[in-house]
Amino acid sequence: MSDTPDETSADRVTPSRGDGGREYDPTADHSFPDERVNRVLETIEADEEIAAYLEAQNVNPVARKGYNDHGTKHIGIVRNRALCLYDLLKAGGVEFNGAAGQGLEEADEAVIIALAATLHDIGHVVHRDEHPYYSIPLAADLLDRLLPEFGYDTADAVRVKGEVLHAILCHHTEEDPLTLEAGVVRVADALDMERGRSRIPYEKGGRGIDTISSRAIRRVSLHDGDDRPVLVEIEMTDAAGVYQVDELLKSKLQDSGLEREIRIVAVHTNGDGDGQLLERIEL
């Protein structure tokens with residue numbers, strides 16, 4: 001990755017990564033073949049059954065357990081950031097091994113990531129506890145219906161399904177991701193940590209560490225890195241935000257296969273005033 005002398009990492013963010021790597025733009029140029037995943041995105045975003053799951057899966061974690069959002073909004077953020085993270089990694093020359101290991105095409109890498117990011121939390125409709133294990137059979141049923149619609153024959157559908165389920169399982173369990181596609185989904189799940197995610201439990205009186213620490217995170221952005229493909233910059237207004245960064249994001253980055261590709265920097269600012277920088281810490 002070559003830099004011009006006067007550029008900063010923030011200057012090099014391209015339109016394909018949206019607003020600080022926060023929203024995937026299907027119409028932009030990307031560092032990977034995107035036609036297949038764009039067709040998949042169009043289909044799953046209009047799918048009534050998936051929409052029903054994304055709404056229903058928020059009841060157990062939020063309404064009944066007082067946790068942060070795990071519904072439609074969360075899934076949209078995770079999927080967007082997973083694809084932006086994948087784009088940055090591909091631009092940095094990172095070679096993915098999930099689709100390739102199954103004899104699938106490069107275009108299937110983004111499909112695996114998008115589908116896993118979309119379906120990773122649907123097990124919450126059964127229970128918050130151990131939800132990745134409940135997500136597996138529910139997602140499998142949806143994939144059996146969807147993958148033939150996307151043009152996959154039986155053999156390739158089985159392979160894509162297996163890779164998607166692997167990524168879903170590894171997003172929140174002790175099982176380590178064995179593919180970088182799964183690693184992207186695992187890390188992207190933790191990148192949804194901004195204060196808006198904790199709004200509902202906070203307004204209902206929730207004051208657990210997840211809620212309080214999330215309230216301290218103002219903004220998360222993804223950029224081209226100088227010495228690594230990806231720089232994750234986290235702006236926080238209170239030291240409580242360190243829990244989100246150190247306990248959640250770093251724990252998901254560990255053993256994701258992407259530890260050497262991602263740099264995390266926390267920026268502590270004065271959130272009530274003009275945003276004056278107080279401290280910049282690399283974690």
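The values are calculated or read from the model by the stated rules, or taken from the named source; none is laboratory data. Worth saying up front: this structure is predicted, and the values here are computed from it rather than measured. Reconstructed Cβ throughout: ideal geometry from the backbone, glycine too, with neighbour counts over all protein chains shown. We work out accessible area using only protein heavy atoms, side chains counted, and drop any ligands, DNA or RNA first. Shrake-Rupley method; radii C 1.70, N 1.55, O 1.52, S 1.80 Å.
A few remarks follow.
- Residue in the range 90-99 that is at pLDDT 95 or above, in contact with a strand residue (DSSP E or B) (Cβ under 8 Å, 6 or more places away or on another chain), farther than 20 Å from V164 by Cα and not hydroxyl-bearing (S, T, Y) present: yes
- Qualifying residue in the range 179-193 (condition: open to solvent by 70 Å² or more (accessible area, probe 1.4 Å) and assigned to a helix (DSSP H, G or I)): no
- Candidate set: the range 116-127, residues that are under 13 Å from Y53 (Cβ atoms) and part of a helix (DSSP H, G or I); chosen: the one farthest from the chain's Cα centre (by Cα): V125
- For the range 128-139, the count of residues that are assigned to a helix (DSSP H, G or I) and of a type in the set (V, I, T) is at least one.
- Scanning the range 240-262 finds no residues that are at pLDDT 65 or above, open to solvent by less than 10 Å² (accessible area, probe 1.4 Å), over 15 Å from the mean Cα position of the chain (by Cα) and among the hydrophobic types (A, V, I, L, M, F, W, C).
- Considering residues of the range 148-162 that are assigned to a helix (DSSP H, G or I) and touching a residue at least 40 places away in the same chain (Cβ under 8 Å) only, the residue surrounded by the fewest Cβ atoms within 10 Å (Cβ to Cβ): E149
- On inspection, A63 passes the criterion of being more than 26 Å from D227 (Cα to Cα) and modelled with pLDDT under 90.
- Looking across the range 153-168, the residues that are farther than 13 Å from I113 by Cα and either in contact with a strand residue (DSSP E or B) (Cβ under 6 Å, 6 or more places away or on another chain) or not β-branched (V, I, T) (or both) come down to D153, A155, D156, A157, R159.
- Residue that is farthest from Y86 (Cα to Cα), among those in the range 182-195 that are among the charged types (D, E, K, R) and touching a His at 6+ places or on another chain (Cβ under 8 Å): D192
- Among the conditions (1) open to solvent by less than 50 Å² (accessible area, probe 1.4 Å); (2) over 28 Å from L231 (Cβ atoms); (3) not β-branched (V, I, T), the only one that H127 does not satisfy is (1).
- Where a residue in the range 163-175 is under 17 Å from E109 (Cα atoms) and open to solvent by less than 20 Å² (accessible area, probe 1.4 Å) and its partner, wherever it lies, is assigned to a helix (DSSP H, G or I) and among the polar types (S, T, N, Q), with Cβ under 6 Å and at least six apart: I168/S135
- Listed by position, the helices (runs of 4 or more DSSP H) contained in the range 18-108 that have at least 2 residues being within 20 Å of L178 (Cα to Cα) and open to solvent by 20 Å² or more (accessible area, probe 1.4 Å) are 72-91, 98-101.
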